[in-house]
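The values are calculated or read from the model by the stated rules, or taken from the named source; none is laboratory data. From a predicted model like this one, the values you see are computed outputs, not experimental measurements. Ideal geometry is used to build each Cβ from the backbone, glycine not excepted, and the neighbour counts take in all protein chains shown. Ligands, DNA and RNA are excluded from the accessible area calculation, which covers all protein heavy atoms including side chains. Shrake-Rupley method; radii C 1.70, N 1.55, O 1.52, S 1.80 Å.
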Amino acid sequence: MFGFEFANPEYFQLLVLLIPMILWYVFREKKSHADLQFSSLRAFKRIKHSGRIGMRHMLFVLEGLAIVFLIIALARPQANNNWQTYTSEGIDIVLALDVSGSMLARDFTPDRLEAAKEVGTRFILERPQDKIGLVVFAGESFTQCPLTTDQAVLVNLLRDVKSGIIEDGTAIGLGLANAVNRLKESTAKSKVIILLTDGVNNRGTISPATAAELAKTYNIRVYTIGVGTYGEAPYPIATPFGVQLQNVPVEIDEEVLQQIATLTGGQYFRATDNDKLKQIYQEIDKLEKSKIEVKHFSKKDEKYFVFGLIGMCLLIAQALLRYTLLRKIP
């Protein structure tokens, strides 16, 4: 009807009200005519008829049309001729974050962990189409947030991450295996783990090599990031005189991290400061742009205002005619 779809077509049932209106009008018109008998109509043939007599039905027609247009407006007509195309870039990603005590080193501002959380938050917010989860590890590992598209929840859980929430140590293999477990049932076209650590695997019952084999089995790419400057880094140490910074050696098992990345088809990165860490996440963001779905959808434009406006204009026109040109004098 009219080339539109209607959001509330049930309102068309109100058109039935026009039937009794028309019947009442016809009945009233018949009753309003007086019957007079004349012997001849010859005297009336020269009388010119006023056009107003023929227009007397115009008021009812305008009123009926106004009701029709207002009912159409109530039914909410919507145009469907605007087609758009968009590409969905959906990838399942798990962030595996090291929260061991060494992540409090101050070679990053304010420290490694807070810098990783800040960059991770930005990465999450820039990927609204993806499902992202969060796994944390130190001497043990647990899932801080399962895969979700709820960015607000994920970001809040990431901000709540603190060093010391689990037993200290660096169980890289266990953290990676936990992340793989989050993704193994995923049906996404692309599955990715971003593993960030600043140490050497020294805890856990699963070796990094075994966890990497698991990731490869489930077609999961692993991007590994080693965080820490070269040489020594200032680390806060409690002393009788309060917390003081003391330089400690930076030890990152880059060989293991490179092996994990190579085996799973990912890449290894080394972040030595905040800016470098941001660049790494930006590079991973560009690498993991996969066009997996193209959808066509119709953008519906609401057209009820036009029909409502026409209906109101008809009512106004009817009122003006009733009290001006077609005014009845008792």
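For this structure, a couple of remarks:
- Too-long pairs where the Cα-Cα distance tops 26 Å, listed order kept, from LYS189/LYS276; LYS131/LYS162; LYS162/LYS216; LYS162/LYS278: LYS189/LYS276; LYS162/LYS216
- Annotation for the range 200-260: chymotrypsin sites (Phe, Trp or Tyr not before Pro) lying in DSSP loop with at most 16 further Cβ atoms inside 10 Å of their Cβ are TYR218, TYR230, PHE241.
- Scanning residues 5 or more positions from LEU134 or on other chains, those with amide H under 5 Å from its amide H are LEU95, GLN144, CYS145, with H placed 1.01 Å from N in the peptide plane.
- In sequence order, calculated HN-Hα J values of the range 103-110 (Karplus, 6.51, -1.76, 1.60; Hz; x Gly/Pro): 6, 8, 4, 9, 6, 10, 9, x
- Accessible area of the range 63-177 belonging to carbon and sulfur atoms, whole % at 1.4 Å probe: 52
- The GluC sites (Glu not before Pro) of the range 120-175 meeting both criteria, a DSSP state outside H, G, I, E and B (loop) and at most 13 other C-beta atoms within 10 angstrom of the site's C-beta, are GLU126, GLU167.
- The radius of gyration of the Cα set in the range 116-173, together with its Dmax, comes out at 11.9, 34 angstrom.
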